[in-house]
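I'd like to ask some things about the structure below.
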Amino acid sequence: VDRSASGVLAEDGDGTDDEAEYQALSDLFGAADRLAGDPEDKNKRPTFVDAVAAVDGWPTPFGLSDEQWWQIKSRSRAVVEAVESGAEPDVVATGAGTLSELLRGLL
């Protein structure tokens, strides 16, 4: 991220914004953590699905290895699939909890 002459942060040349990227990953962590704690909540499920959709098409974020990003995306997609297929709450909770732990170490 570069500072413009006005001192305002500008986007990197590749169009990414580190702060927005961090916020989206933070939102995904929060949504996964809340879903893990209450997998039957009808409001937490779509919030989680939306948080995954917000980051799903990204290249590997700065500071993450390709392997870490692959694990996060794979786990995210598996939990979305569990939510959308109506899987048992314990399956959703376990998947969301694992994702939350993956993200916790990175944020």
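Just name the residue that is farthest from VAL91 (Cα to Cα) out of those in segment 60-72 that are in contact with a helix residue (DSSP H, G or I) (Cβ under 8 Å, 6 or more places away or on another chain) and either open to solvent by 40 Å² or more (accessible area, probe 1.4 Å) or of a type in the set (Lys, Arg) (or both).
Among residues in segment 60-72 that are in contact with a helix residue (DSSP H, G or I) (Cβ under 8 Å, 6 or more places away or on another chain) and either open to solvent by 40 Å² or more (accessible area, probe 1.4 Å) or of a type in the set (Lys, Arg) (or both), the one farthest from VAL91 (Cα to Cα) is PHE62.
Going by what's in this entry, would ASP66 be described as in contact (Cβ under 8 Å) with a residue 60 or more places away in the chain and among the charged types (D, E, K, R)? Steps first, answer last, please.
Numbers: in contact (Cβ under 8 Å) with a residue 60 or more places away in the chain: no; among the charged types (D, E, K, R): yes.
Against the criterion (in contact (Cβ under 8 Å) with a residue 60 or more places away in the chain and among the charged types (D, E, K, R)), ASP66 does not qualify.
Of all the residues that make up segment 72-87, how many are farther than 21 Å from ALA24 by Cα and polar (S, T, N, Q)?
1
Would you mention how many residues in segment 1-26 are outside any loop (DSSP other than H, G, I, E, B) and either surrounded by 11 or more Cβ atoms within 10 Å (Cβ to Cβ) or modelled with pLDDT of 80 or more (or both)?
If we filter segment 1-26 for residues that are outside any loop (DSSP other than H, G, I, E, B), which is where we start, we get 2-3, 9-10, 18-26.
This time we only want the ones that are either surrounded by 11 or more Cβ atoms within 10 Å (Cβ to Cβ) or modelled with pLDDT of 80 or more (or both), so: 9-10, 18-26.
Selection size over segment 1-26: 11.
Against the definition (assigned to a helix (DSSP H, G or I) and of a type in the set (A, V, I, L, M)), how does LEU64 come out, yes or no?
Values: assigned to a helix (DSSP H, G or I): no; of a type in the set (A, V, I, L, M): yes.
No: the conditions fail for LEU64.
A further question follows. Any chance you could count how many residues in segment 27-59 are open to solvent by 40 Å² or more (accessible area, probe 1.4 Å), part of a helix (DSSP H, G or I) and basic (Lys, Arg)?
2
The values are calculated or read from the model by the stated rules, or taken from the named source; none is laboratory data. Note that the coordinates shown come from a computational prediction; the quantities given were computed from them, not determined experimentally. Quick reminder, even Gly has a Cβ in these numbers, built from the backbone with ideal geometry, and neighbours come from all protein chains shown. Note: accessible area is taken over every heavy atom of the protein model, side chains too, but ligands, DNA and RNA are not part of it. Shrake-Rupley method; radii C 1.70, N 1.55, O 1.52, S 1.80 Å.
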